[in-house]
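First the structure, in the form of structure tokens, and then the observations on it.
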Amino acid sequence: MGCRVLAALWLGQLVLLSPFAYGTDLAGLTAMEWLLRLWTLSVALWIFARLGAWRVTADRDGVAVPRLFTVERLPWDEVGKAVARRDGCVHVGSRITGPFLPAPLARMLRRPDGARAMADHLTIMVRNPELRPTERAGARTRVRPYAVWAPLPLAVLAAAHLLAG
């Protein structure tokens, strides 16, 4: 839930501080200004999509980890163990997933450490096959790639510019 709230706040910030500032004559921009603005927008969209795609799904076949355009399925024997990092991400096998609230910030806010809880939960399931889910993940619990979230901020930015201009 926290990442979704943070993604919504990031989207609001992106709309308010858009690299394509309201009232700017876009026709008068130089090639370097266009490149800088497109790069800024790309990074902001990547962060938004990354925040929106935090879910990791475990089922009988293994663990599904979201990537930019795909969802990578790691069989249980490739997961090995999951390790929580201080920045809120989790190493699942050879992949990195997250983000969760960073551990120091979670302690300061007196919130549970979601990254450590997920890492511990996955590690226990790797070591104890009887604790793994017995069915495949359903449609509502499947992980989606990061890129699925990118059209939302683009649509919001386009609507804001159309209404402002």
### Message
If the requirement is being modelled with pLDDT under 75, β-branched (Val, Ile, Thr) and either over 30 Å from residue 120 (Cβ atoms) or touching a Lys or Arg at 6+ places or on another chain (Cβ under 8 Å) (or both), which of these qualifies: 24, 57, 30?
### Response
24
### Message
Can you tell me how many residues within segment 53-66 are more than 18 Å from residue 115 (Cα to Cα) and open to solvent by 20 Å² or more (accessible area, probe 1.4 Å)?
### Response
2
### Options 131, 45: the member that is of a type in the set (A, V, I, L, M, F, W, C) and open to solvent by 70 Å² or more (accessible area, probe 1.4 Å)
131
### Task
Filter segment 68-86 down to the residues that are under 13 Å from residue 144 (Cβ atoms) and in contact (Cβ under 8 Å) with a residue 40 or more places away in the chain, then identify the one that is least open to solvent (accessible area, probe 1.4 Å).
71
### Message
So if I check each of 65, 126, which one is in a strand (DSSP E or B), of a type outside the set (Asp, Glu) and touching a residue at least 12 places away in the same chain (Cβ under 8 Å)?
### Response
65
### Message
Being at pLDDT 75 or above, small (Gly, Ala, Ser) and closer than 22 Å to residue 151 by Cβ is true for just one of 94, 42, 18. Which residue is that?
### Response
42
### Message
With the requirement that a residue be more than 12 Å from residue 63 (Cα to Cα), among the small types (Gly, Ala, Ser) and either part of a loop (DSSP other than H, G, I, E, B) or in contact with a Cys (Cβ under 9 Å, 6 or more places away or on another chain) (or both), what does segment 73-93 give you?
### Response
88
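The values are calculated or read from the model by the stated rules, or taken from the named source; none is laboratory data. Note that the structure is a prediction, hence the values are computed from the model and not measured. Note that we place each Cβ from the backbone using ideal geometry, even for glycine, and neighbour counts take in every protein chain shown. The accessibility values were calculated without ligands, DNA or RNA, using every heavy atom of the protein model including side chains. Shrake-Rupley method; radii C 1.70, N 1.55, O 1.52, S 1.80 Å.
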